[in-house]
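Report on the following structure.
No lab work stands behind these numbers, since they all come straight from the coordinates. Please read all numbers here as calculations on a predicted model, not as lab measurements. We place every Cβ from the backbone using ideal geometry, glycine too, and count neighbours over all the protein chains shown.
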Amino acid sequence: MSQVWAVFGYELRRNLTPWRIGAWLALVSFPVVIVLLVRFQGEIVTNMPRSTIDTVWSVLFYMLIPCVCCALGVFLNAAPAIATELEQRSWVYLATRPHGVVCLLLGKYLLAVVWGVTAAVVSVTLVTLLIGFDPLFTAAAPGTFGNDSGIGQRVQWMARIWFTMIRLCLLSSVAYGALYLLIGALFPRRAMVFCVAYTGVVEVILSLIPANINRLTVQYRLRSLMINWAEPEGQKEIRGNAFFRHVFAEGGNPEQILWLLLLTVVFLSAALAVARASEFTGASESDV
């Protein structure tokens, strides 16, 4: 285990460059910028009921942070984990050492998760504070913010949405990190391309198809946890709809978390097995 932490520390120090830090700040800023743009077009939502506005923010936060910020954060670090070593021609030295490949991939996986989670935590904290006490939107519900009970309701909503998104971000980073690591092990030369294609086709399109196949996607489980934890307005009506009944899982929260952890273990184990069994070459395509 000490070797894994050694790889993690080395990769962390190597990632503390101006370009990488700028990419991390871009991940943090993206949801904030989108929320500010919505803020400047406040007339779109100011006439909505308070509960509807809260639902809009819950869904928007979920799409921007666990789905985009976390997935992109782990994608940039986990997908090219093997390709980077092949390009640097260091794979052969790692493969010949006891557990070298396993320690390398686990260390890079931990870095990807930490990179995605930290960016998401900072981002969700900023957007929650930005919206929670924004007078433009709190004024949309007359009489609910100018008294102690109104302030208490807003603080309660902020705490619930913040805690919900933090848990979703952690689960999203852990699951997507293992998934992208597996894709990177299967297709090291085209890892980034295959990760983008998989995310668009499977995690976006296939996860919304009302069929049993969508139960094997990460988005299906995260989406179900979001609607349970955030408690948006009309939750029962949504689950009662014939279409959405197949888009959201019917089981409880422990079941969805167990599914995500099981998928993570399967993806991570498969990535390690493929990396150890494959005979990657450090030669470029022009050398073969």
Per-pair calculated FRET efficiency, R0 = 22 Å: Y10 and A277 via Cβ, rounded to 0.05: 0.30
How much net charge surrounds V266 when only the other residues with a Cβ under 15 Å from the Cβ of V266 are counted, with Lys and Arg +1 and Asp and Glu -1? +2
Ranking Y220, Y198, Y180, Y10 by Cβ neighbours within 10 Å, fewest first, what do you get? Y10, Y198, Y220, Y180
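Can you tell me the FRET efficiency between R39 and L186 if r is taken as the Cβ-Cβ distance and R0 is 41 Å, rounded to the nearest 0.05?
Numbers: r = 42 Å, r/R0 = 1.03.
According to the calculation, E is roughly 0.45.
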How many nm is it between the label spots at H99 and V196, if each spot is 7 Å from the Cα in line with the beta carbon? 3.7 nm
How much length would be gained if the chain were fully extended between I213 and E87, taking 0.36 nm per residue of separation minus their Cα-Cα distance, in nm to one decimal? 41.7 nm
What distance in nm separates the two pseudo spin-label positions at T118 and S269, each 7 Å out from Cα along the beta-carbon direction? 3.1 nm
